[in-house]
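Novice: Before I ask anything, here is the structure I am working with.
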Amino acid sequence: MSSALPADLDYLVARLHGRRGQFAEADRLDTLCRLRTMTDLVRALNPHSRFTTVTDFQHGLIQAMVQELADFASQLTGAGSALMAWLRIRFQVENLKVLARAFATGKPLQVARAYLVPLPDDLSLDFEALVAADSAESFALAAPAGILRKGLTAMAPAYTEEPRPIVLEATLDRIYFLELLNRTRSLTGDARSDSMMIAKQEVDTFHLMLVARGRFGYDLSAAQLERFHVPGAGITRDRFAQMLAADTLREVASLAAGLALDPLPTPEDRHAAGAQATDAPLLETLAWNRYLRLARRAFRHSHMGLGAVVAFAAIRRIEVANLITLSEGIRNDMPSDAIRRRLIPRDTEAAHV
């Protein structure tokens, strides 16, 4: 989408409704899953694209979305523009998490550099300073100035106590989500309610996975994880504490029902569906299914309002994630049906919690 579009909300949203019809979803996504080569996939998505490698394809998808968000920010004003600008920061945070993971595990940051997505200059990182970091404090000081650096600096003592990658990664996510809720809260009317529904779902997915992976996967204590709670989402601090104190992931899922997860099926329904054991990947799938469902609902409800722009960005994010997963499946020569089962929304009917 060109940044030359006029700063007119009605015109912008009308264009987005047209663009929405071209998304790789439903039947079109099924068709794409049946393609067996990356050349065919690229040709189906954009006949004019010059395909080189799978990595270039994936980076191109992300870069296009970053540019779209920049275009939206330039076409909107006030709180709407500020929110779109912050959504771009998500990709800078993901790059910083790659380097934080390398820093925490002792992997050479030069090796980690291969996993970074090239981003515009305003989202670049001071790679040399990050490479030279020899402590959590110096790593924090090498982070982008402002909210990210301040938040990492405040959490540096926690990393010193528990020097594990999840501490730095969860810190970066928490910083991002706090500001996401702040900027979403600054919207007004239906745009605020529709956009907040989407933002809260993303934050509560973070809360859910902190418990599922941090507590049950990495065996971190409740005290270590409680500090990462993000106030203002659907899962309150008290509910988060209950989830951290749960004995099983199934109990965690029950506590997250109606918040990070859609209402769970009854025991009778689970038995009829041949329920599988609950695990973290399944919970994450259910949470992202809900995210997409809420984004689609917000897009329909807002229709020609600012909320439609926010919802479009959320749906677009899932499209990009699906296409990246699809390209990985093709690269690894996975069967079409196996690739389709990895995409969002994912059919979990036979794998209910």
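Novice: Quick one: in the stretch 76-94, which of the residues that are of a type in the set (S, T, N, Q) and over 13 Å from the mean Cα position of the chain (by Cα) is least open to solvent (accessible area, probe 1.4 Å)?
Specialist: That would be Ser81.
Novice: Here are some residues: Leu152, Leu130. Which one is at pLDDT below 95, in contact with a helix residue (DSSP H, G or I) (Cβ under 9 Å, 6 or more places away or on another chain), surrounded by 16 or more Cβ atoms within 10 Å (Cβ to Cβ) and in a helix (DSSP H, G or I)?
Specialist: Just a single option satisfies the conditions, and that option is Leu130.
Novice: Moving to a separate point now. Mind listing whichever residues of the stretch 15-35 are assigned to a helix (DSSP H, G or I), of a type in the set (D, E, K, R) and open to solvent by less than 70 Å² (accessible area, probe 1.4 Å)?
Specialist: Passing the criteria: Arg19, Arg20, Asp30.
Novice: Taking the residues in the stretch 156-195 that are more than 27 Å from Leu220 (Cβ to Cβ) and outside any helix (DSSP H, G or I) as candidates, determine which candidate is farthest from the chain's Cα centre (by Cα).
Specialist: So the residue we want is Thr188.
Novice: For the structure I just gave you, tell me whether Leu255 is open to solvent by 20 Å² or more (accessible area, probe 1.4 Å), assigned to a helix (DSSP H, G or I) and at pLDDT 95 or above.
Specialist: Yes, satisfied.
Novice: Can you tell me which residues in the stretch 276-295 are outside any helix (DSSP H, G or I) and either in contact with a Cys (Cβ under 7 Å, 6 or more places away or on another chain) or among the polar types (S, T, N, Q) (or both)?
Specialist: Result: Gln276, Thr278.
Novice: Hey, among Phe228, Phe177, Phe216, which residue is over 23 Å from Ala298 (Cβ atoms), touching a residue at least 24 places away in the same chain (Cβ under 8 Å), open to solvent by less than 60 Å² (accessible area, probe 1.4 Å) and aromatic (Phe, Trp, Tyr)?
Specialist: Phe228
Novice: Which members of the stretch 21-79 meet the condition of being within 30 Å of Asp10 (Cα to Cα) and among the acidic types (Asp, Glu)?
Specialist: Glu25, Asp27, Glu68, Asp71
Novice: Does any residue in the stretch 16-39 that is closer than 15 Å to Gly329 by Cβ and without any contact (Cβ under 8 Å) to a residue 40 or more places away in the chain come within less than 8 Å, Cβ to Cβ, of a residue that is outside any loop (DSSP other than H, G, I, E, B) and open to solvent by 40 Å² or more (accessible area, probe 1.4 Å) six or more places away or on a different chain, and which pairs are these?
Specialist: Thr31/Ala44
The values are calculated or read from the model by the stated rules, or taken from the named source; none is laboratory data. For clarity, every value in this text was computed on a predicted model and none was experimentally measured. Please note: Cβ atoms are built from the backbone with ideal geometry, for glycine as well, and neighbour counts cover all protein chains shown. To get the accessible areas, we keep the full protein, side chains included, count just its heavy atoms, and leave off ligands, DNA and RNA. Shrake-Rupley method; radii C 1.70, N 1.55, O 1.52, S 1.80 Å.
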